[in-house]
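Everything on this sheet refers to the single structure shown next.
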Amino acid sequence: MLPAPFEYHAPNTMDEALGLLDELGEDAKVLAGGQSLIPLLKLRFASPAHLVDINKIKDLDFLEERDGMLRVGPLFRHKSAERSSLLASRYQVMADAAPQIADPIIRNRGTIAGSVAHADPSGDWGTVLLALDADLVLRSRSATRTVKAREFFSGPFSTALQPTEILSEIRIPAARPQTGGAYLKLERKVGDFATVAVAVHLQMEDGKVGSAGIGLTAVGPQNIKAGQAEAALRGASLDDTTIKEAAALAAEAAEPTADQRGSVEYKRNVVRVFTERGLKRAYERARGGG
Amino acid sequence: MSVSQPITVTVNGDRKTAEVEPRLLLVHFLRETLRLTGTHIGCDTTHCGACTVLVEGVPVKSCTMLAVQADGQQVTTVEALAAGGTLHPIQAAFKQEHGLQCGFCTPGMMLTSIALLQEKPDPTDEDIRWALSGNICRCTGYMNIVKAVRSAAAQMKAAAAVPAATAAARS
């Protein structure tokens, strides 16, 4: 299978890349890891006239905590997330998700930012960022703006990202003490998209929930933030009743459709069960266990 | 619209220069431009791993990378393994342990395994299964593939230990 013809650009600097996008507009697509885009080109679901490959730009492959933020660069790959001790110790929802993305060979090339910009409703990273209440930095030649993850996704494969913009950084509030997270994913086999997955991120304060983030994968037209479940947890003690209540609210927030992976009822129930388990696991981790 | 451009890729140690269309996939560059047909195309949808090659030592599905992206890089294919007609330990182990039946997935399996063994010379079965989880085989049932990788690891470790042992004996 061959993609439709396109012109290939491999700029050496971000300015050059943004200049190209400014000039080419909707005719161009940004190529990062390529593990979603290249299959789409081959299947001719996408046939942009220009590809702007950002892999030659230096210093885009980073993960660092600075100024109260965890910052993820546009070329930070799944594989690096899988191996990061920083994520394993302080951002467990990310560390849990990374090894569940696609398969090990795809993880060698695919990037977090690319996956988020692609915005597949069955993609995992968008959900993780919703739970973490991340900000996305969108940069064009003339301006830089910051959009909340919850305002970024607007539908299947649709986001706030303009054709002239690059997702230049993901910013996550730095984890404080007593933070814990978990990502639970049900997939039929390695490399399959999620049937259902749930991301949980908990910040405990004096034995109560300071803030909670819950994201849902593959149960709606886009990754979903379970806002009501999050609100029900805020300020509460994390006992069984609270957990059950929050899990029921998360299940209500899901908008699954029936397909070969399961019925509506089944998927909704998996959301409920995974939210319960995710909250328990995150709580344990926030208290220094698991 | 689509202008061919020159690329230079070091494939199995040889510098290869060619004019390619940007839309040419790395796997087609290897198979059709260079006639290195040991790299197979299994699924065309980034699922099966049959087309796995090493780019700068890292396993990559060559059907999901453009040839132009390999410009200036080192690519290793299955053709590099049997140096001077002697089977690489991973090839010998796949043969010995019946790690293949039809052989279609084998080049990808072996290249992924080599990358694993470079990183973890003494992998557990779990490590092997995990590393190979992006490579699909439809004949063997995987048991013998895992055995083959384990056996190759032992062979390679023993081979690596020989010079050290010799040096120790001399001192």
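The table below gives the values:
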| quantity | calculated |
| --- | --- |
| Exceeding the 18 Å Cα-Cα cut-off - candidates A:Lys148/A:Lys225; A:Lys208/A:Lys244; B:Lys95/B:Lys120; A:Lys29/A:Lys56 | B:Lys95/B:Lys120 |
| Taking N as its residue count, the alpha carbon Rg of the stretch B:5-77 over 2.2 N^0.38 Å | 0.97 |
| Sites A:Asp27 and A:Leu86, calculated FRET efficiency, Cβ-Cβ separation with R0 45 Å, nearest 0.05 | 0.70 |
| Cα centroid separation, the stretch A:1-76 to the stretch A:178-232 (Å) | 28 |
| Neighbouring partner chain Cβ atoms per residue of A:2-13, average, 10 Å criterion | 4 |
| Shielding by partners, peptide A:33-44 (average Cβ within 10 angstrom, other chains) | 4 |
| Mean residue ellipticity (222 nm) of chain A, computed from DSSP H runs ≥ 4 via -39,500 (n - 2.57), nearest 500 | -10000 deg cm²/dmol |
| Partner chain coverage, peptide B:43-53 - average Cβ within 10 angstrom | 3 |
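The numbers here are math on the coordinates, done by the rules we state, and not lab data. A quick note: this is a predicted structure, and the numbers were derived from the prediction, not measured. Heads up, the Cβs are rebuilt from the backbone with ideal geometry, glycines too, and the neighbour counts pull from every protein chain shown.
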